[in-house]
Amino acid sequence: MELENKKIKIQAKNLNVYYGAKQALFNINLEINQKEVTALIGPSGCGKSTFIRCINRMNDVIDICKVDGSIEIDGSEINDKKVDVVMLREKIGMVFQKPNPFPKSIYDNIAYGPIIHGLAEEKNQMDNIVETSLKKAALWDEVKDRLDEPGTSLSGGQQQRLCIARALSVSPEVILMDEPCSALDPIATAKIEELIDELKKSYTIVIVTHSMAQAVRVSQKTGFFHMGKIIEVDSTDKIFKNPSNKMTQDYITGRFG
Amino acid sequence: MNLLLLAIILAFSLSSYFFGRSEARKLVTGNIKLNALPAYYGYFLALWCGLPALIIFGGWSLFESTIIKTLILSDFSNIQSRDLFYERTLSFFNGNFSGEITNEIKVASERYAYLNNLAHNSKIALVASAIIASVVFAYKKIKNNNKARDDVEKILKILLFTSSLVAILTTLGIIASLLFESIKFFSTINIIDFLFGTSWSPQRAFVRDASTITPEEFLELKDAFGSVPLFAGTAFIALIAMCVAVPIGLFAGIYLAEYASTSVRKYSKPIIEILAGIPTVVYGFFAALTVGPFFRSLGESLGLTVSSESALAAGLIMGIMIIPYISSLSDDIINSVPQSLREGSYAIGATKSETIKKVVIPAALPGIIGSILLAVSRAIGETMIVVMAAGLAANLTINPLESTTTITTQIVMILVGDQEFDSPKTQAAFALGLTLFIATLFLNYIALRVVKKYREKYD
Ligand SMILES: Nc1ncnc2c1ncn2[C@@H]1O[C@H](COP(=O)(O)OP(=O)(O)OP(=O)(O)O)[C@@H](O)[C@H]1O
Ligand SMILES: [Mg+2]
């Protein structure tokens, strides 16, 4: 099948995560294919965000969070003290549940990452990065005349696309999205989904979603989490048409408490 | 006696609470349903019992002495220095007068005794009838099963409104008196001379009524009230203080909010806030006795002349005093910057300090500016440290090693000791107060504008 031919981009092996004494993820094994959208679904509190935050080591920020086990990206381990998280996060962008543009102009929001990573030497190089990022995030036409306005002056959906553009500005290979549409209306959601479809041609995307319909629409592979464990991972088609696990079946049909 | 009356009013009010409550309970017979919980009827009756009586009591006590004084003095229209005469009468009445007892004093004292007694009795009568009338009124309402909850709400609303009215009216009153006295001052001294004159020496002004000043004296006075050195001194010392307090306070706030572990934070924040609780006099003598002399000997060893009371010493200590204001406010403000902004920045590969510098601080800026401006007005209003450490000489200087003085200090200097209320020197204090008030008002206005502008940008 098509799945077999895909190159594995991210591979989690025996991943356990603890918040203090409480274990949030149990023995997670998951493969995420390159240039494809992988959806993570599951009831609230099952550890989807925890998992996705392991991929760019965002859990480092939380004092009480301990991660053990292995995550390999392109075959190299990231849960290693020697790995430079700055370089890692340049490679792995993230978009959050609530749009979180910085208190800066639209332009500066996009330029933020490239400045930190020293990606542009001259002004016109930076202009270029800003323009391409905004174009990739399908926001350019709406904001090209108001780049100096604060990012927060945009609508919610535009802000979320701004955040996507911000993530794209440092040319990542992977984009992690944690419920990127949960704060948006259906029209803005449709725009973002369209965008995800476009982006998967060049990026590996992992998306957490509570919307079954969204998972079906945008993803090729779906993982179902429950109480910190992976219950089932398969092609989206299979998961939603013919899941092999009873719990998955119950969850996707909404018969789940 | 007044205390007893007050206690009686309160006791009545308290007991009418229980009375009202039980009366309301009695109403519940058959299919009559109360409009509110019985306790509300209690409150209703208690409020009606207490408030009118208290208002009458308070009002009467406030005006009693003035009215009696006016009445007595109106009988003695031919007497000079009437206030003094009245004082004597009172002390004679109280049995501790030791001067020459005139016939008028005796008569007035008898009259006082009579009026005082009358006033006292009528006060009791009035309060008693107020209690009776309002309790009867309220009791009738209860019997008719009134909407006690709404009525209590209404009474409380009026009470709260009156409180805010008192606050507003007092403020207005203070401003009005400032204005009034300042206008008197400016009718003697030209406002231009006051605002732009560069020499301040009010001790040259004679301690006496402004209306009796001769033209020669007036010319002499003309340049005694130049307030520029005071404003310059105030601004200068505040500037030195801010140079100390802003960086240290801000960095401390950033450390507490972003770097300190919870346990460090738990202990160090209260410790820093203790600084804010130290009385300013203590800072003052620390500045005057320790820091000032230290600078002086340091300066001497470097071959500089440093006066032992210097702007530097005062500003430095004032700065230290202000640190906790800035640090704990900016700590709170930085803490309230949403975590999602920080995560957004980390997620793109920014380090902690980059995130603080480029995301957290800009987002917290309006609040930080606000806290700094608050600290500035604190510095401008500070008196004690300056009195003790910066000296009283109104030097117009920008040398931090010399002594200077500030507006508040000069107001203190003018008003301590015996002063004739009408001398230009005393009125100058009001003029200074007014100018200071306008200056801080302006500062606050700017602060609000700045904060609002940033708000619009970042929220
Ligand atoms: N910072 C934290 N400190 C302590 N426990 C946490 C923390 N973050 C998450 N947890 C716990 O870890 C578990 C997994 O949380 P996580 O946020 O990963 O769930 P989720 O699947 O993303 O849920 P949702 O769909 O509601 O976002 C939960 O039980 C949660 O209480
Ligand atoms: Mg989540």
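The table that follows gives values for the structure above.
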| item | result |
| --- | --- |
| In the stretch A:191-216, the residues that are within 15 Å of ligand 2 (Cβ to nearest atom) and either open to solvent by less than 20 Å² (accessible area, probe 1.4 Å) or of a type in the set (Phe, Trp, Tyr) (or both) | A:Val206, A:Ile207, A:Val208, A:Thr209, A:Gln214, A:Ala215 |
| Residues (farther than 17 Å from A:Ala213 by Cβ and either of a type in the set (Gly, Ala, Ser) or surrounded by 14 or more Cβ atoms within 10 Å (Cβ to Cβ) (or both)) located in the stretch A:239-248 | A:Ser244, A:Asn245, A:Met247 |
| Hey, B:Phe92 more than 29 Å from B:Ile9 (Cα to Cα), open to solvent by less than 50 Å² (accessible area, probe 1.4 Å) and assigned to a helix (DSSP H, G or I) or not | no |
| In the stretch A:10-43, the residues that are open to solvent by 10 Å² or more (accessible area, probe 1.4 Å) and within 16 Å of ligand 2 (Cβ to nearest atom) | A:Tyr19, A:Lys22, A:Ala24, A:Pro43 |
| Of all residues in the stretch A:83-120 being closer than 23 Å to A:Asp185 by Cα and part of a strand (DSSP E or B), the one that is farthest from the other protein chains (Cβ to nearest Cβ) | A:Val95 |
| Pairs where the first residue, in the stretch A:120-143, is under 30 Å from A:Glu193 (Cβ atoms) and the second is among the basic types (Lys, Arg) and buried (at least 21 other Cβ atoms within 10 Å of the Cβ), C-beta under 9 Å, 6+ apart | A:Ser133/A:Arg166; A:Leu134/A:Arg161; A:Ala137/A:Arg161; A:Ala137/A:Arg166; A:Ala138/A:Arg161; A:Leu139/A:Arg161; A:Glu142/A:Arg161 |
| Which numbered condition A:Ser76 fails, given (1) surrounded by fewer than 19 Cβ atoms within 10 Å (Cβ to Cβ); (2) small (Gly, Ala, Ser); (3) modelled with pLDDT of 95 or more | (3) |
| Candidate set from the stretch A:158-190 (those that are touching a Lys or Arg at 6+ places or on another chain (Cβ under 6 Å) and more than 16 Å from ligand 2 (Cβ to nearest atom)); member that is farthest from the other protein chains (Cβ to nearest Cβ) | A:Glu173 |
| Options B:Val264, B:Val281; residue that is without any contact (Cβ under 8 Å) to a residue 40 or more places away in the chain and among the hydrophobic types (A, V, I, L, M, F, W, C) | B:Val264 |
| Number of the exception - B:Ile274 against (1) open to solvent by 50 Å² or more (accessible area, probe 1.4 Å); (2) modelled with pLDDT of 90 or more; (3) among the aliphatic types (A, V, I, L, M) | (2) |
| Subset tally (residues that are open to solvent by 40 Å² or more (accessible area, probe 1.4 Å) and in contact (Cβ under 8 Å) with a residue 60 or more places away in the chain) for the stretch B:357-368 | 1 |
| Scope the stretch A:54-73; condition without any contact (Cβ under 8 Å) to a residue 60 or more places away in the chain and either crowded, with 16+ Cβ neighbours inside 10 Å or within 15 Å of B:Thr351 (Cα to Cα) (or both); matching residues | A:Cys54, A:Arg57, A:Met58, A:Asn59, A:Asp60, A:Val61, A:Ile62, A:Cys65, A:Val67, A:Gly69 |
| Matching helices (runs of 4 or more DSSP H) fully within the stretch B:328-393 where at least 2 residues are charged (D, E, K, R) and either in contact with a strand residue (DSSP E or B) (Cβ under 9 Å, 6 or more places away or on another chain) or within 14 Å of another protein chain (Cβ to nearest Cβ) (or both) | B:339-347, B:352-355 |
| Residue among A:Asp178, A:Asp145, A:Asp127, A:Asp185 that is more than 24 Å from A:Val206 (Cβ to Cβ) and either within 16 Å of ligand 1 (Cβ to nearest atom) or open to solvent by 70 Å² or more (accessible area, probe 1.4 Å) (or both) | A:Asp145 |
| Qualifying residue in the stretch B:378-387 (condition: closer than 30 Å to B:Ile254 by Cβ, among the charged types (D, E, K, R) and surrounded by 21 or more Cβ atoms within 10 Å (Cβ to Cβ)) | yes |
| Residues satisfying the stated conditions in the stretch B:296-311, i.e. surrounded by fewer than 21 Cβ atoms within 10 Å (Cβ to Cβ) and part of a helix (DSSP H, G or I) | B:Arg296, B:Ser297, B:Leu298, B:Gly299, B:Glu300, B:Ser301 |
| In the stretch B:397-415, the residues that are in a loop (DSSP other than H, G, I, E, B) and of a type in the set (A, V, I, L, M, F, W, C) | B:Ile398, B:Leu401 |
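Residues are listed down the side, and each one gets a yes or a no for (1) open to solvent by less than 40 Å² (accessible area, probe 1.4 Å); (2) closer than 25 Å to B:Glu153 by Cβ:
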{"site": "B:Leu6", "(1), (2)": "no, no"}
{"site": "B:Ser13", "(1), (2)": "yes, yes"}
{"site": "B:Ser16", "(1), (2)": "yes, yes"}
{"site": "B:Leu27", "(1), (2)": "yes, yes"}
{"site": "B:Leu37", "(1), (2)": "no, yes"}
{"site": "B:Ala46", "(1), (2)": "yes, yes"}
{"site": "B:Pro52", "(1), (2)": "yes, yes"}
{"site": "B:Ser61", "(1), (2)": "no, no"}
{"site": "B:Ile68", "(1), (2)": "yes, no"}
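The values are calculated or read from the model by the stated rules, or taken from the named source; none is laboratory data. Note that the structure is predicted; figures quoted are calculated from it, not measured. With ideal geometry, Cβ positions are generated from the backbone for all residues, glycine too; neighbour counts draw on all protein chains shown. To get the accessible areas, we keep the full protein, side chains included, count just its heavy atoms, and leave off ligands, DNA and RNA. Shrake-Rupley method; radii C 1.70, N 1.55, O 1.52, S 1.80 Å.
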